[in-house]
Structure formats: C-alpha cells, structure tokens
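The values are calculated or read from the model by the stated rules, or taken from the named source; none is laboratory data. Here the structure is a predicted model, which means the values were calculated and not measured. A quick note on method: Cβ atoms are made from the backbone with ideal geometry, for glycine too, and the neighbour counts reach across all protein chains shown.
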C-alpha cells in the first residue's frame, strides 16, 4: 500500500487487499488485531487495529453471504 494509515486511500486500499486475501489469512489478521486490542485497547495504533479487524471480518461475512 502506498498510503499511511488515516488517509482515505489507505482505507480503500486495505479493503481491496482484504478481497485478495485467503479466508485463513483474514481470520489470522483479525485475531491478531483483536489480541493487540485486548493487550492495549487505548494504544497509539488501536484505531488502525479496529479498522483492520472490521475490514477483515466484513470481508469474511461478505464471503459467507455470497456462499449461502
């Protein structure tokens, strides 16, 4: 990705990246972000971890809906 976190383009590129990742990778990233948030919920990167978590979970949910 060519943009830093917080820029609108970062969010768009990260969502596009999620569409290319395997479901296993999305699960791993989401769980990794969740663990980081549990360890330090108000840390300096917590906003980014929340965004990554929800983008990964959202893509997994989209795939489940398509498969149903």
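Given the condition modelled with pLDDT of 95 or more and either in contact with a helix residue (DSSP H, G or I) (Cβ under 6 Å, 6 or more places away or on another chain) or surrounded by 13 or more Cβ atoms within 10 Å (Cβ to Cβ) (or both), answer yes or no: does some residue in region 2-12 qualify? No, the conditions are met nowhere in region 2-12.
Pairing residues of region 22-34 that are surrounded by 14 or more Cβ atoms within 10 Å (Cβ to Cβ) with residues that are modelled with pLDDT of 95 or more and outside any helix (DSSP H, G or I), at Cβ distances under 8 Å and at least 6 apart in sequence or on separate chains, gives 29/21. State whether the residues of region 54-67 include one that is part of a helix (DSSP H, G or I), over 8 Å from the mean Cα position of the chain (by Cα) and crowded, with 17+ Cβ neighbours inside 10 Å. Yes - at least one qualifying residue is present in region 54-67.
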